[in-house]
Amino acid sequence: MSRRGLHDHLLFIALVPAVLSALLLAGYFLALRLGDLEAAGLPAIAAAEKRQEIVIVTLLAALPVVALAGAIGWRLSRRVLLPARRIEVALEMIRGGNPGIRLPGRGALAELEVAVNALAQALARNRQHAAEDLAGKQQELLRKLELAQAMLDAQARAGVGLAIVEHGRIVFANAATEGMSGYDQLELQAMSHFVQIAHPDDRERIMRNHFKGLAGQDSEDGFDFVLLRRDGELRHVQLVQTSIADGSGQRMLMILLDITERKQAEAQLADTHRQLQSRTEEAERANVAKSRFLVAASHDLRQPLHALALFAAEFETTAATPEQQRLAGQIGAATGAMGELLDALLEVSRLDTADIKPQPQPLALGRLLAGVVEAQRSSAEAKGLAIHCVPTRQWTESDPQLLRRLLGNLVSNAVRYTETGGIVVGVRREGNGLRIEVWDSGIGIEAVQLPLVFQEFYQVANRERDAGKGLGLGLAIVDRIARLLGHRMQVRSTPQRGTVFGVSVPRRAPVETVEPATPPSVPVNAARILVAGGVASGAESLAKLIESWGYHILRAGDEGQLRKHMAAMPDMVVCDDSLFRGLARAVAGRPRRPRVVLMGDAAEAENRAGLVPDARLAKPIKPGRLRALLHHMVEEGAGPAESRTAAPTL
């Protein structure tokens, strides 16, 4: 309301009651006067004059009243008008954004002015708080914008392309996307569809995933496609896309990463891998061929070397002069070294070509370790070494022959490289399994040499290649046997203090066994041994050698003679592998058979014959080992055997 309107309004409020009051008062007096005139019976003319007089008097009497009422109304309008006007101006200023105005708070509208002041103060405080909050939000938003810009710049410098697609068209692309595609921002935005940057062969797959993403369906999280640059160059790009919630459901954020170099590196790596695999296969074929050649060559060498060993042993027993005995000993030592090397090479070759198939079975480690230690006790005592086996009741599961060979090599190696002290063999628990350990107090091994000790022909302390100190194949054979059996090898050593070799084996529950009854022993001079083999196998020399040890010898050169001697049932048969099949046929169907020692290629002979010997001796035969074996079998009891399923290999 304007100032004039408010004044008129207040004046009207003040004058209306006054005028009404004056008119009522005048009317009242006029009515009384007229009534008196009529009651007095005045003539009509006189009554009219009186009425006129009364009206004039009434009006004259009402004028002061009206003036007084007007003055009162004017005063009231002045007292209310100014405060109302101040309030009106203050409200207009507050509405205009200036809440700092303050009213005096006096007059008829003092309470209203105080309320307006309170409102202005509250608005000022709220405005200040809002301004401060807005400033803080602006600073935070600015920091976020700076961080986002820095991230976008970093991604662009790192080659990460970003593009926003709306309704199938590119509306934004960063510098990396421009560099990746060869198009600038305006050219990308001018495309009718973003899929135009892709090779035609990949467009259908990109569109299919794009529509799935827009529909909220499962799509490929990230996939590769071929990007067709503006200059026609093809680049491999990885694409990841995600929808942007903007209400329309048609906006997607696309992240592009150039993986061309990675693809080229992968292709080069794959080609290198194929070449390496081809060369590895070629090397493996060459290694297998080498091993097979070595097996064949050693097999052909075994027979003459075996005969040479027998001739040397026979010569040693018949040497008459000291010079002949010296010469016979040298021939025997050389033959033995050649035979040991040939045996080791053949075993390595067989392990490399996987000709040996493990036959795991439950084993009582106490009995096995005791046998290994006893086999090396004489060698240890000859050097003045103490050798001890810690008793154990633990059982494992492994191939008994291979595990015995492995542990035998470890113990013999410990004896060879120990000069003072001794060797201890025992078993420790290792988690759910067991670890067989061989301790020695020998020369030890330097830390840098530990990874090399399982290599062929590597010896820690034999630079002069003295055959008396071994051939350097024992630990190589140990490593191959361990891998064949699936047992893990460990070694730790301290120079000049000793070495510990460990073999991790599985642990299993004991198995009930029945010890076979020991047959009565046979005196050596009463034992009858049948030597079976042709002339070429050196059987004649072998028969003479065994006969010189005090045994009664029978000879069989073919299967017919074998059948003839089987009727008399000899105590033992020493059979060459060339005649082993004939021996199998000769004893077939018999309820009992003599004990059999097989000489030569045991695995091949057994596979052909189907007969399991009681012991095996690899060619060339070592006379000392054969004599010890025969003596052991005679002392154990050389009576006929019904069936046997295992035979030691010597």
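List of remarks:
- Ligands, DNA and RNA excluded, the heavy atoms of Ser278 present near 60 Å² of accessible surface to a 1.4 Å solvent probe.
- Rounded accessible area of Trp549 (nearest 10 Å², 1.4 Å probe): 40 Å²
- Solvent exposure, largest accessible area first (probe 1.4 Å, DNA, RNA and ligands not counted), of Lys137, Lys263, Lys564: Lys564, Lys137, Lys263
- Between Leu269 and Phe172, full extension at 0.36 nm per residue minus the direct alpha carbon distance yields a gain of 31.2 nm.
- Counting only protein chain heavy atoms and rolling a 1.4 Å probe, the accessible areas of Lys619, Lys212 rank, largest first, as Lys212, Lys619.
- Mean Cα-pair separation over length for segment 354-406, i.e. relative contact order, pairs under 8 Å, 6 or more apart, %: 56 percent
- Inter-site label distance for Arg555 and Ile56 at 7 Å from Cα along Cβ, in nm: 19.7 nm
- A simple spin-label model places the labels of Val390 and His632 2.6 nm from each other, with each point 7 Å out along Cα-to-Cβ.
- Measuring between alpha carbons in the structure, the pairs from Lys357/Lys383; Lys212/Lys263; Lys357/Lys544; Lys564/Lys619 lying more than 32 angstrom apart are Lys357/Lys383; Lys357/Lys544.
- Arg590 accessible area, 1.4 Å probe, all protein chains in place, Å² to nearest 10: 90 Å²
The values are calculated or read from the model by the stated rules, or taken from the named source; none is laboratory data. What you are looking at is a predicted structure, and each value in this text was computed from that prediction instead of being measured. In this analysis, Cβ positions are derived from the backbone assuming ideal geometry, glycine residues included, and neighbour counts consider all displayed protein chains. Accessible surface is based on the protein model in full, side chains and every heavy atom, while ligands, DNA and RNA are left aside. Shrake-Rupley method; radii C 1.70, N 1.55, O 1.52, S 1.80 Å.
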